[in-house]
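The next block holds one structure in the form of structure tokens; read it before the comments.
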Amino acid sequence: MGRAFEYRKAAKFKRWGNMARVFTRIGKHITMAAKNGTDPDTNPRLRALIQEAKSENMPKENVERAIKRAVEKDKADIKELVYEGHAPHGVAIVIETATDNNMRTVANIRSYFNKFNGSLGTTGSLDFVFDHKCVFKIKDKGVDLEELELELIDFGGEEVFKTDEGEIIIYGPFDAYGKIQKYIEDNHFELILGGFDRIPLDTKELALEHRAEVEKMLAKIEEDEDVTNVYHNMK
């Protein structure tokens, strides 16, 4: 078991736990995915997101509304923007956002860094700190984990492990998303979610009081309605 397992086991996928934020995040991703086609049968990314919405008990009307936004000219201008920087004590942070107002979002993100004595960097400045991966969560239907891992190697799978909740997590390179999703669907696994993750190549250990400072900053960032994901390398 490798780096992704240890990192995500510790995090316990906590950012997917808050229902209101989950619905907002999935809704924005559905809208962006639907710009490439509103038919899930021909749009694998949209298909995976709709399945994720179902697994999170997101109301059907919310999903339909999110798809509709993609074809409404006055509401379709949602863009994905990524911000990178450092929190206090040298902790690297990558923030993914989905916004219809770039000026508002960048102003808010900058204010968080300023308030907590961090420093906002330039795009790409932390590419060397994180691996950008695709990640899938599927229902465990009693398969042999080693056999599954061996089969997934041909599709780009790198790490496969089970959670305490009876689910299987699959990690692979960013560009292997389509191949792994096709394998999951062709073999009739129940897909819970399919998306992307950023795994720190190295983690930074802090004293408790310093960790508390960084956690306050992370909590403030995660409250922002335009923020979809926050990644850091704090151990």
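The values are calculated or read from the model by the stated rules, or taken from the named source; none is laboratory data. Bear in mind the structure is a predicted one, so any value in this text is a computation, not a measurement. Virtual Cβ from ideal backbone geometry, glycine too; neighbours counted across all protein chains shown. These area figures cover heavy atoms from the full protein model, side chains too; ligands, DNA and RNA do not enter into them. Shrake-Rupley method; radii C 1.70, N 1.55, O 1.52, S 1.80 Å.
Here are some notes:
- Taking residues in region 113-129 that are over 22 Å from Asp224 (Cα atoms), and partners anywhere that are part of a loop (DSSP other than H, G, I, E, B) and charged (D, E, K, R), the pairs with Cβ atoms closer than 8 Å and at least 6 places apart or on different chains are Val129/Asp202.
- Region 153-211: number of residues that are of a type in the set (Val, Ile, Thr) and in a helix (DSSP H, G or I): 3
- Boolean, Val71 is outside any strand (DSSP E or B) and either out of contact with any Pro (no Cβ under 7 Å at 6 or more places or on another chain) or open to solvent by less than 40 Å² (accessible area, probe 1.4 Å) (or both): yes
- Number of residues in region 139-173 that are out of contact with any helix residue (DSSP H, G or I) (no Cβ under 7 Å at 6 or more places or on another chain) and open to solvent by 10 Å² or more (accessible area, probe 1.4 Å) equals 21.
- Scanning region 126-149 finds one or more residues that are assigned to a loop (DSSP other than H, G, I, E, B), within 20 Å of the chain's Cα centre (by Cα) and over 23 Å from Glu222 (Cβ atoms).
- Flag if Asp202 is modelled with pLDDT under 95, loosely packed, with under 13 Cβ neighbours inside 10 Å and closer than 21 Å to Lys235 by Cα: yes
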